[in-house]
Amino acid sequence: MMKLANTISQWVVLGAMIGTLIHNSVIAQNQPETYELQKRVITTLNGVTIYNGGFGSGMARSKQDPSLFYFMTDRGPNFDGQPGEKVFPVPTFSPAIAIYQWTGSELIFKSRLNLRDENNRLLTGLPNPVGVGGTGEIPVFIDSSPLPLDPKGIDPEGITLMADNSFWVADEYGPHLVHFDLFGKTIERINPFGNGPGGRKLPMVLAHRRANRGMRD
């Protein structure tokens, strides 16, 4: 128990250090590559600039190279509309991972991975249809026009890196557990419905979880 507590304490301290260093890199040092990543403009609608909100949904450390950290986005910009509606101003947003390297005093941006399906198509953050992980949310564009539900849509919440630098992502829709290769392409998707690559299933009871209360780390 003491060992676990010490480990947790170390991760909390490290997380605080990382947060401070990202802030310092962006604000104080104004490193172009870091600033561009954190404040990347996605689109402008009705005079409102929409930024990529950062990579704060999940974090993992590489087992091959402990100096590398993987930070993950959520499903993308969204807000509540009319009752039951969820507005997605950038419906083409693809959840992504940013890889940073810890030098001992700062984090340096190395690369970005967009999450892709088994056919190498970009995944979206749009909700799943009813029966395959749907939350009951009705996705609409900013002008209230309807958006399609996406059976492969993903709401990433947790990430775990494997020894070969492939990684698993926990999702808040299905819930889905998705295994990606080191380039971000889907290897396997496990959920209660068995409709993903690999065909493995999670217990069906998980399909009855409260909406937006799926898998988290």
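What follows draws every value from the coordinates through simple rules; no lab data is involved. Predicted, not measured: the structure shown is a model, and the values here were computed from it. Cβ atoms come from the backbone with ideal geometry, glycine included; neighbour counts cover every protein chain shown.
Miscellaneous remarks
- Förster radius 25 Å - calculated FRET efficiency between VAL130 and ARG210, Cβ distance, rounded to 0.05: 0.95
- Length-normalised contact order for segment 96-135 - Cα pairs under 8 Å, 6+ apart - percent: 27
- Cβ-to-Cβ counts within 10 Å put MET162, MET59, MET204 in ascending order as MET204, MET162, MET59, the fewest first.
- Treating r as the C-beta distance of ILE50 and GLN101 and R0 as 25 Å, the FRET efficiency rounds to 0.30.
- Modelled spin-label separation between VAL41 and GLU188, with each label point placed 7 Å from Cα along the Cα-to-Cβ direction: 4.4 nm.
- Applying both filters, DSSP loop and at most 16 other Cβ atoms within 10 Å, to the trypsin sites (Lys or Arg not before Pro) of segment 36-143 gives LYS39, ARG40, LYS63, ARG121.
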